Each structure stands twice: as C-alpha cells, then as structure tokens.
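Report on the structure given below.
The values are calculated or read from the model by the stated rules, or taken from the named source; none is laboratory data. Just so we're clear, the structure is a prediction, and the values are computed from it rather than from any experiment. For neighbour counting, all protein chains shown are included, and Cβ atoms are generated from backbone atoms with ideal geometry for every residue, glycine included. Surface areas here come from the heavy atoms of the whole protein model, side chains and all, with no ligands, DNA or RNA. Shrake-Rupley method; radii C 1.70, N 1.55, O 1.52, S 1.80 Å.
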Amino acid sequence: MIGERYINGLVLAGFLAVPIWALAMDEPFTITLATRASVLAMAAVGLNIALGIGGLVSLGHAVFFGLGGYAMGILAHHAQTHAALDLGFLAIEGSRSMPVIWITAVTVSALAALLIGLLSLRTTGVYFIMITLAFGQMFFFFSISWSAYGGEDGLSIYVRNGFPGLDTLVPIQFFGLCFTALCAALLLHWRLRASPFGMALNAARQVPRRVETVGLNPMRLKLLAFVVSGAVTGLAGALFADLNRFVSPTMFSWQLSGELIVLIIIGGVGRLMGPVIGAALFVALEHFLGGLTDFWHVWLGAILLLIVLFARGGLIGILTGKDGPRV
C-alpha cells in the first residue's frame, strides 16, 4: 500500500498542476473550477478539524460559511455604495481590502462558533447534530428576511475585492491566493492534530471520562476545536463570495453543511487531504456530469454509498489500506 504522506504530496502537486496546465492552454474556466475546489476544500478542512479530530458531526457549519460570505458582501457593498454601515452606536466604513475582510470574516465566524458551541456542546450525538442544524436554519431564514442586503435574492458585488500586489480579477492570481489559504488551513490542521491539544481532543472524542481524570475538560477542548473550525470555514466563505462576487441565503443552507460532510467522507474522515480529494471529485462530477444530466448527484450518491459500505477510510483509506477514525 502507498504511504499517506506520499499520497498527500501527490494530491497537492496534482491540485497545483491543473490550473498551471489550464493557464498554458488558455483555459481560464478550468482555473476557476480549480479555485472553486480550493475554497470548498478549505471549508471542509475547517469542518474536518471538528469532525475528524473532535468527532463533532455538525449539520450547521454552513452558518460560519455564510457569515464569512456576508461579512465580505456587506463590507464590499458599503464600499461600492460609499455609505457607512450604521450600527447605532458605531458607524463602520465599507472595505474592498481582502485582508480587512478576512479578519472580519474570521472574527465574526469565531464569535458565532463560540456562542453556538457553548449551547450545542451541552448535548451529544444526534442531539448535537439537531441543535447545530437548528442554528443553521435560524440564520438561513434570517438572511432571507434581511431585505437591506437583498433578502432571498442575495447581494451582488460588482468588482472583486483587492489584495496588495495582486490583480484578483486575473484567474490564476486569485487561484494562487485561494490555494495559499488552503495550504495554510491544511498546515493548521496538521499542527493541531500533532500537538498535545490535538491528542487531548482525540482522547476526549474516544474516552471523555479518562480525559477528565487527568484534569482536562473535554467540553473546553471541543469548544476550542469548534471555534477554530468555524473561523477557518468563515474565511472560506469570504473567499467563496469573492469568487462568485455574490452572496445569498443558500450559503447558510443545511444542504451546504451536508455537502461539506460528504466531501470529508469521500476523501477520508480525519485525513489531512481527505477534504481536498473530496472537493476535487465533487467539482469534477458537477462540471463533467452536470453538463450531461441534471441528476448527476445520483453518481455522487453511489460513490458515497460504496465508500460508506466498503471503505470507511475514504479514498485515502483505500490507497493506504487503513480505516479512518470512528466518529
């Protein structure tokens, strides 16, 4: 069997090779597809921190994805309309600077994850899944009724936001930005998993009572993982909104949360490159089969069914011959 480190290197190299080939062949749409896969992979990496290490099956992670997207949309909207965001006690100017937007998206998403986690982590199992789903639906319906920012029609941004030294309207440069952010998220996941915190979190997932006996609080460990997970997913949401130059309530939908879980399962739960492989396969199926039939999800479902039944470690587990962690 192939070693997982070798597979990880091949996956990253292949992920980088596709847009470089597309640039040489003058195929900008292929670069955009690779960018979309990078952003979805980053969102799934964020969820994988909570799911793969902490065993937290969240059906509401689209909340953080949507908050990151709306953070971008609101700041960019006020920048293009030259109107300050009036919070009553504070007026905030809009911004088209990606670093400013990213800091805002990460902060808002992390705070939301902290509040949601404090309530949701009082439960376990199916109750945790349902309460995160409930929070997701709350934000979804709130965004539909938020007429100031488009309501159910969403909010369009006319020009992509800027990053110092780059022309983000050039597809390969924006891909490079998203790919770098993905690599940073992967590095964070790897460092967390290998750190004492990651080991304690993994122990809290398996035997929480034993963790308590050594003086650690399992809920605090899971809460910190949930906050970090939400922050990473929120940053991915801001990049996704910038990619499309559009935000809408669908970014809060439970279907999106489900898709992120599917991406992780396909690649391998808890695997470093599991979300990357899952996102690449998802975008490829969506593009190639979506042009042939509206029912391309049937094939995605068939792949997912086969993996769940015969390859619990995902596609990486098939190649390495090892199952992933049980959650």
Check your understanding: Longest segment of the chain with no trypsin sites (Lys or Arg not before Pro) in a DSSP loop having at most 15 other Cβ atoms within 10 Å?
Key -> 123-321
Practice item. Specify the residue with the greatest mean-square fluctuation among Ala181, Ala225, Ala83, computed from a Gaussian network of the chain linking alpha-carbon atoms under 10 Å apart. Key: Ala83
Check your understanding: Ratio of Rg to Rh for the chain, alpha carbon only, Kirkwood?
Key -> 0.97
**Study point:** Fluctuation leader among Trp299, Trp102, Trp254 - the chain, Gaussian network, Cα springs under 10 angstrom
**Key:** Trp299
Point to revise | In the range 153-204, chymotrypsin sites (Phe, Trp or Tyr not before Pro) in a DSSP loop with at most 12 other beta-carbon atoms within 10 Å | key: Tyr158
Review point. Which loop-located chymotrypsin sites (Phe, Trp or Tyr not before Pro) does the range 259-295 contain, where loop means any DSSP state but H, G, I, E or B and the Cβ has at most 13 other Cβ atoms within 10 Å?
Key: Phe295
Study note, to complete from the structure: At q = 0.18 Å⁻¹, the log10 of I(q)/I(0) for the range 141-213 from a Debye sum over equal Cα scatterers comes to -0.82
Review point. Could you give the radius of gyration (one decimal) and Dmax (whole number) of the Cα atoms in the range 187-327, in Å?
Key: 17.3, 57
Revision key, fill the gap. Candidate span helices, the chain: DSSP H, at least 24 Å along axis from Cα coords, Kyte-Doolittle average at least -0.5, result 4-24, 28-48, 62-81, 98-120, 125-145, 171-194, 218-244
Exercise for review: Keeping all protein chains in place, calculate the accessible area per residue for the chain (probe 1.4 angstrom), answer in Å².
Suggested key: 47 Å²
Point to revise | Overall form of the range 189-269 per C-alpha gyration tensor (a/c, 1.5; a/b vs b/c) | key: prolate
**Study point:** Distance between the range 83-159 and the range 209-236 - C-alpha centres, whole angstrom
**Key:** 21 Å
Study note, to complete from the structure: Carbon plus sulfur, as percent of the 1.4 Å-probe accessible area of the chain, comes to 68 percent
